[in-house]
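Values quoted throughout were computed directly from the atomic coordinates according to the rules given, and no laboratory measurement underlies them. Note that the coordinates shown come from a computational prediction; the quantities given were computed from them, not determined experimentally. So basically every Cβ, Gly included, is an ideal-geometry build from the backbone, and we count neighbours across all protein chains shown.
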Amino acid sequence: MTQIYATQTGVLTHLSDVEAWKHFNRTYTLFAAESRNVRLGLCADGFNPYSNAARPYSVWPIVVYVYNLLPHLCMTWVYMFLSFMIPGPNTLKNKIDVYLPPLINELKTL
């Protein structure tokens, strides 16, 4: 990926400045060499829609982000995709892997 924006030494201006991104580029050189490959991030954060902790109910929105955009674009709502929402009587905790296979299959198709 060619960086077309300025970076400041010691300042995180984009996720491509993070060591994990650089390690991924070194490990998967063929993927990193093709600028048309899309890098995605997944975010999940549950909340209680009733604002009452006594009611055991939660909703977990699952949002996919496109990371290989310019810094001022990658976290704007236009490039955030609400993939699905997981409602339930309890918190999701470590059970998210049950819900991810349909999303993964769809992303592979794309």
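Residues that are loosely packed, with under 11 Cβ neighbours inside 10 Å and on the phi > 0 side of the Ramachandran plot do not occur anywhere in the range 25-45. Scanning the range 48-83 for residues that are assigned to a strand (DSSP E or B) and more than 13 Å from the chain's Cα centre (by Cα) yields Ser58, Val59, Trp60.
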